[in-house]
Amino acid sequence: MLIAGSCAPSERFATYVASTYDRIEAPGASIRFGVTEAGVPVAAASYEHDKVLAADAIKFIESCRFTPAMVNGAAARGSSDGFIRLKAAAG
């Protein structure tokens, strides 16, 4: 889960929605990434046709922090998978 208020301010992305690989909402940018046990996103990737939008979305996600996956009450070692859909800001 995204930690509220942890992302760098962005004029490009207004909000996000949790997503699954099989449900793509438009418009926006889908980002797949890992989350380390410290809650840091790693290996973010986007396969959007708009390469500038994809690069901006990855940079934005890398500024955020997430709650890591938990195992027996402790942060899981390694990384867990995340998938998020960023909604572009109106304007």
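The values are calculated or read from the model by the stated rules, or taken from the named source; none is laboratory data. Please read all numbers here as calculations on a predicted model, not as lab measurements. Here Cβ is always computed from backbone atoms with ideal geometry, including for glycine, and neighbour counts include all displayed protein chains. In case anyone asks, the SASA skips ligands and DNA or RNA and just uses the protein heavy atoms, side chains included. Shrake-Rupley method; radii C 1.70, N 1.55, O 1.52, S 1.80 Å.
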SASA check, L53, accessible area w/ 1.4 Å probe, all protein chains in place, rounded to nearest 10 Å², comes out at 20 Å²
Gained length - K87 relative to R32, 0.36 nm times residue gap less alpha-carbon distance
18.3 nm
Which value, in Å² and to the nearest 10, is the accessible area of I3 when all protein chains are kept and the probe is 1.4 Å?
70 Å²
Which of the peptides 34-47, 64-77 is most tightly packed, and how do the rest follow, judged by the mean count of other Cβ atoms within 10 Å per residue?
34-47, 64-77
So if each residue of separation counts as 0.36 nm, and I subtract the Cα-Cα distance between S63 and A43, what length gain in nm does that give?
5.9 nm
